[in-house]
Amino acid sequence: MSSTYRDLITAIPPSLNLSNVADGPPCETCAICARLNPDRSKAKRLAIQTEYELSDTFPDFPVLKASARAGCALCRLLRKTIRSSWAVAMRSMEQEGLGVLSTKDGVWDDLFDKPWDRKVRIFHAQFHISKRSLQQDDSRLSEYIQKLNIRFGPTNLPTEADGWPYKRPIYQELEFKVIDSADASEIQNSDDGFCTRRPPDDHALSERNIALMKNWMSTCSNHHAQCQLGTPAKWLPTRLLQISKSGTIKVRLVETRNLYNMHPERPVQFIALSHMWGDVSISPPLRTLRSNYDNMQQGIRMQELPRNFIDTVLVCRELGLEYVWIDSLCIIQDSPEDWKREAVTMHLVYKYAQATIVAAAAKSSRDGFLVRNIRMTPAAKVTYVSEADSQPDGSMILYPTSEESELDFEYEDTPWNTRGWTFQERYLSTRLIYFCKNMLHFECRTCKHSEDGESATSKGGLWPRTELPTETWFNLWSDMIIKYTRRKLTYGDDKLIAVQSIVNEMKEKVPGPYIDFAGVWQTNIHRDLLWRPWAGIPTYPDKYRAPTWSWASLDCGVAFCSPTSSPNRRYGDPLEVTRINRGTPPELVVTGHTRRITSIVEMDYDDLFDMAEIGEYRFNIFTDELSSGDENTEPRIFAHGTLDQFNHNNVLVKGADFMYLHVCDYRNPTGLILKKHAPEAHGEEASANVWVRVGTARVFKDLGKQPIISEGFEGREKREVIII
């Protein structure tokens with residue numbers, strides 16, 4: 001075996017790992033591990049419960065150790081995985097029905113101080129069955145063994161006499177990916193290996209993986225009705241990178257206006273890259289600038305490209321695609337005019353790309369995404385028998401589950417999927433190939449596939465291309481904004497710009513104008529006004545970004561109002577938009593029912609306990625302005641509210657004027673909490689009717705019909721209100 005000095009900084013792999021067990025012979029198991037038998041005749045509700053159980057001693061696990069030395073590869077894998085996962089795995093030790101063991105809440109302090117005999121029980125070994133589509137026929141499903149779950153935890157627990165009254169078991173759960181030979185051979189005669197069950201390859205660009213990616217793309221392009229563009233894919237971005245077809249790899253920037261004539265027979269196909277730039281203040285990626293534009297057209301040396309770009313070029317070359325779009329190279333980065341012009345068509349780049357390559361394994365443009373470390377994943381290949389004393393009738397490969405081996409967990413839970421700009425790149429792409437740490441994944445509007453042969457039907461993960469009712473489109477819009485506001489943006493000023501591509505797709509589907517400076521649709525104004533902070537600590541940006549009634553005005557995740565279960569309940573007429581003024585600041589002028597707020601008081605803990613259904617609406621909203629007209633009326637609670645800022649003292653200042661503005665009856669919440677604008681604080685002229693939003697409120701007790709007080713707005717006049 002050859003070696004280099006790189007081995008000095010490389011971890012020593014386990015003797016049995018994913019790299020060497022796949023093509024090697026299977027090992028026999030010990031008598032206890034022989035009980036780990038994926039006998040499908042015993043399956044119930046897509047699970048196979050085994051009779052495996054073993055007792056051992058923490059922390060050396062001598063029983064497993066002795067069995068491993070005697071040749072049981074499965075005992076070796078179990079011991080290594082238990083020891084490496086103890087108290088640090090994704091699934092921590094927990095007590096059934098009580099939760100995860102922790103020192104933070106004090107619940108477990110009495111248990112932690114009691115002596116333990118170190119006896120460990122390994123039990124509840126269960127195989128799980130999943131379903132996948134076979135080859136190109138997505139309607140034909142096949143069952144396969146997906147994973148094995150095993151629990152381990154203390155054999156004995158303190159008793160009630162010892163001062164510990166909880167009798168339910170404490171355990172941690174391990175999860176192993178399973179590649180059953182029966183599943184791998186099921187479609188072994190397939191020419192393309194479309195869904196062959198197998199471990200991941202040593203190399204991301206292995207022959208099998210290249211063939212697999214080509215098949216994923218061609219199957220989607222030729223057979224998936226939901227993924228079709230509807231029109232010939234002739235659109236091209238302003239610029240692309242051209243990759244030489246053969247010989248030494250050469251890359252240059254080209255203007256696509258000349259490509260239409262060069263390829264008249266068929267549309268030009270290109271790949272788009274979605275990746276994270278990383279910290280541009282430390283090492284920005286190679287960029288096209290006005291000063292180097294001509295040189296980029298002459299050619300770009302491979303050694304000048306950051307690792308992500310080199311890997312993308314290699315992928316395109318292997319897939320036989322000549323053109324690729326990379327944001328920092330195909331947009332002139334120091335030209336505001338070019339950036340603005342190209343940003344408007346960004347949604348078309350990912351829409352018309354043959355596929356979007358996602359560098360999910362890379363945290364910056366310098367990292368690259370093709371290098372794998374399969375050798376560091378411990379694994380075992382063992383035989384199994386269906387009946388005692390019979391000959392082995394199958395084998396299986398097992399290895400610990402990690403993020404990259406989940407069908408979609410890794411790219412869902414990566415830093416790449418938390419960035420604001422990658423939001424549109426994912427949801428608007430026609431199809432995506434994710435390069436994760438040790439696995440390839442594919443996603444389109446029809447299905448999801450993984451290199452290891454797992455597959456699933458897509459469930460609305462990408463932006464749809466079918467005809468839908470207007471209400472459904474607005475539901476999708478709300479869902480997208482909820483997901484988007486949980487993401488991070490390097491520059492806060494991009495918050496409304498980075499969602500513009502979704503807007504451009506929506507404009508073709510829904511009526512009415514889009515209010516671009518606020519990120520709301522006028523025909524969906526009731527729902528778009530009734531958002532509330534939901535994730536993170538809400539903060540206002542250092543400089544003005546959007547009006548207070550816009551979800552974009554705050555930096556935090558937001559949630560939108562939910563429809564009521566009583567759509568016919570009545571409290572007042574819905575708010576109407578009178579006009580929208582694009583001034584400084586912009587104004588939303590509406591006509592609606594209002595009610596003076598005399599005080600906003602946070603509930604105490606007893607109130608919150610007694611009124612659990614209130615949830616996040618933890619402020620009592622008082623008014624003395626009721627329909628009785630009695631000016632001496634004692635202030636009463638008429639609504640429950642939530643404030644946009646956690647620092648309530650900044651909002652609830654003494655002497656401030658507050659008002660409730662009713663938006664509609666059929667949503668929850670039902671209206672806005674407004675505060676009189678203080679123009680002197682902003683150097684503006686005073687106006688008696690200018691307000692800012694500070695929260696939301698509901699006038700009904702819950703999602704039903706019962707109002708907090710009976711005096712609604714029926715028959716009362718509306719007033720004009722200006723919100724900035």
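The values are calculated or read from the model by the stated rules, or taken from the named source; none is laboratory data. All values reported here derive from a predicted model rather than from experimental measurement. Positions of Cβ are backbone-derived with ideal geometry, glycine not excepted, and every protein chain shown enters the neighbour counts. Accessible surface is based on the protein model in full, side chains and every heavy atom, while ligands, DNA and RNA are left aside. Shrake-Rupley method; radii C 1.70, N 1.55, O 1.52, S 1.80 Å.
Mean shadow of region 71-134, computed from the convex hull of its alpha carbons, in nm²?
For region 71-134, averaging the hull's shadow over all directions gives 7.9 nm².
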Next on the checklist: Multiplying the sequence separation of Val601 and Arg719 by 0.36 nm and subtracting their Cα-Cα distance, what value in nm do you get?
Outcome noted: 39.9 nm
Checklist outcome for this item: Which residues qualify? For Ser599, with a placed amide H closer than 5 Å and at least 5 residues away or on another chain, they are Phe622
Checklist entry - Got the relative contact order for the chain handy, in percent, Cα pairs under 8 Å and 6 or more residues apart? => result 10 percent
Item to check | Counting DSSP beta bridges with both ends in region 433-524, the antiparallel % (nearest 5) | outcome: 100 percent
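Could you check how much of the accessible area of region 85-132 is carbon and sulfur, as a whole percent, using a 1.4 Å probe? Mind dumping the intermediate values first?
On the way: 1380 of 2900 Å².
Ligands and nucleic acids excluded, carbon and sulfur reach 48 percent.
At 222 nm, what value in deg cm²/dmol follows for the chain if DSSP H runs of at least 4 each add -39500 (n - 2.57) and the sum is divided by all its residues, to the nearest 500? Present the calculation step by step, with values, prior to reporting the outcome.
Working: 18 runs with 139 residues, N = 724.
Helix contribution divided over all residues of the chain: -5000 deg cm²/dmol.
Using a cut-off of 11 Å between beta-carbons, work out the net charge of the residues near Pro541 (Lys and Arg +1, Asp and Glu -1, Pro541 not included). Provide the component values of the computation, followed by the final result.
On the way: positive: Lys495, Lys543, Arg545; negative: Asp493, Asp542, Asp555.
Here the charged neighbours net out to 0.
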Item to check | Listed candidates (i) 99, 60, 58; (ii) 90, 61, 56; (iii) 91, 85, 48 - label of the one calculated as Cα extents along the principal axes in Å | outcome: (iii)
Item to check | Net charge of Cβ neighbours under 12 Å - reference Ile597; Lys, Arg +1; Asp, Glu -1 | outcome: +2
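So what is the orientation-averaged projected area of region 438-565, using the convex hull of its C-alpha atoms, in nm²? Kindly include the intermediate steps, with their values, before the conclusion.
Numbers: hull surface 40.5 nm².
The directionally averaged projection comes out at 10.1 nm².
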Checklist outcome for this item: Taking protein heavy atoms only, a 1.4 Å probe, and rounding to whole percent, the accessible area of region 486-578 owed to carbon and sulfur comes out at 51 percent
Checklist outcome for this item: In nm, the gap between the two label points placed 7 Å beyond Cα toward Cβ at Asp294 and Tyr540 is 5.0 nm
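For an R0 of 35 angstrom, estimate the FRET efficiency from the Cβ-Cβ distance between Asp39 and Lys119 and round to the nearest 0.05.
Values: r = 29 Å, r/R0 = 0.84.
Working from the Cβ atoms, E equals 0.75.
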Checklist entry - Largest first, what is the accessible-area ranking of Lys114, Lys250 with a 1.4 Å probe? => result Lys250, Lys114
Checklist entry - What does the accessible area of Cys561 come to, in Å² to the nearest 10, when a probe of 1.4 Å is used? => result 10 Å²
Checklist outcome for this item: Counting only protein heavy atoms and rolling a 1.4 Å probe, one gets per residue an accessible area for the chain in Å² of 48 Å²
Checklist entry - Please state the relative contact order of region 52-128 as a whole percent: Cα pairs under 8 Å, 6+ residues apart? => result 45 percent
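Under Stokes-Einstein, with the Kirkwood radius over Cα pairs standing in for Rh, what whole-number D in µm²/s applies to region 239-359 at 10 °C and 1.306 mPa s?
107 µm²/s
Ala87 to Lys214: extension gain in nm, 0.36 nm per residue of separation minus the Cα-Cα distance? Display every interim value, and only then the final one.
Details: separation 127, 0.36 × 127 = 45.72 nm, distance 4.18 nm.
Contour length minus the Cα-Cα distance gives 41.5 nm.
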Checklist entry - Mind checking which lysines have their C-alpha under 20 Å from Lys44, skipping anything on the same chain fewer than 8 residues away? => result Lys131, Lys147, Lys177
Item to check | region 1-89 - convex hull of alpha carbons, volume per residue in Å³ | outcome: 175 Å³
Checklist entry - For region 304-381, max minus min Cα coordinate along each principal axis, in Å, sorted largest first? => result 57, 24, 21
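Starting with the highest mean, order 32-38, 46-52, 82-88, 307-313 by the number of other Cβ atoms within 10 Å, averaged over the residues of each peptide. Walk me through the numbers on the way to the answer.
Numbers: 32-38: 20.6, 46-52: 15.1, 82-88: 13.6, 307-313: 23.3.
My ranking of the peptides, most packed first, is 307-313, 32-38, 46-52, 82-88.
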